[in-house]
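All remarks here apply to the structure that follows.
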Amino acid sequence: MALLDPAKSAESARLTGQPWTMGAHTIGVGHCNFFSNRLYNFTGKGDADPSLNSTYAAFLRSKCRSLSDNTTAVAMNPRSALTFDNHYFSNLKIHQGLFQSDAALLTNKGARNVVDEMLRSGKFFTEFSQSIKRMGAIGVLTGTAGEIRKKCSVV
């Protein structure tokens, strides 16, 4: 799946379910090399992403010591890293999305509305399951046309 395109219309986002599936970032870890540019070199001038909460950025810098750190991993959802819940969305509201694709959810009105919607009790679980179901029907490749990756980040 490509990174969220902030210019994507709300209707298109609703059809693909992308904002809801981003909620999967509520559980698991992210390796520093996939987001450290947001901490150390966001615009190529050695700066941090201004959309990232400064306290959270300092915490992340304490874990990821450099741009080239490809071994350290941090929780994608520091509030409840081992629980599948909607805290990912409340973290976004306080600018604590780990990846740039997370932050992009706040740059589009339709996606921001989804973030607010997912904070309502029970809504996330229903919408997430439906969007995963829809994604499962998108262009499924089988046989020799398909691919099973041992490392998701390597094509």
I'd like the residue in region 18-39 that is out of contact with any Cys (no Cβ under 7 Å at 6 or more places or on another chain) and not in a helix (DSSP H, G or I) and, out of all such residues, is nearest to HIS95 (Cα to Cα).
PHE35
Return the residues of region 108-128 that are under 14 Å from LEU92 (Cβ atoms) and either outside any helix (DSSP H, G or I) or among the aromatic types (Phe, Trp, Tyr) (or both); say none if nothing qualifies.
ASN108, LEU119, PHE124
Mind checking whether some residue in region 93-107 is assigned to a helix (DSSP H, G or I) and among the acidic types (Asp, Glu)?
yes
Within region 58-92, track down each residue that is hydrophobic (A, V, I, L, M, F, W, C), in a loop (DSSP other than H, G, I, E, B) and under 29 Å from ASP116 (Cβ atoms).
MET76, ALA81, LEU82, PHE84
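Residue-by-condition table, conditions (1) over 18 Å from TRP20 (Cβ atoms); (2) polar (S, T, N, Q):
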site	(1), (2)
THR55	yes, yes
ALA58	yes, no
CYS64	yes, no
ASP69	yes, no
ASN86	no, yes
GLN100	yes, yes
SER121	no, yes
PHE125	no, no
GLY136	no, no
Can you confirm whether region 120-131 contains a residue that is in contact (Cβ under 8 Å) with a residue 12 or more places away in the chain, exposed (fewer than 14 other Cβ atoms within 10 Å of the Cβ) and over 30 Å from ARG61 (Cα atoms)?
yes
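No lab work stands behind these numbers, since they all come straight from the coordinates. Not measured: the values here are computed from a predicted model. Neighbour counts run over all protein chains shown; Cβ positions are idealised from the backbone, glycine included.
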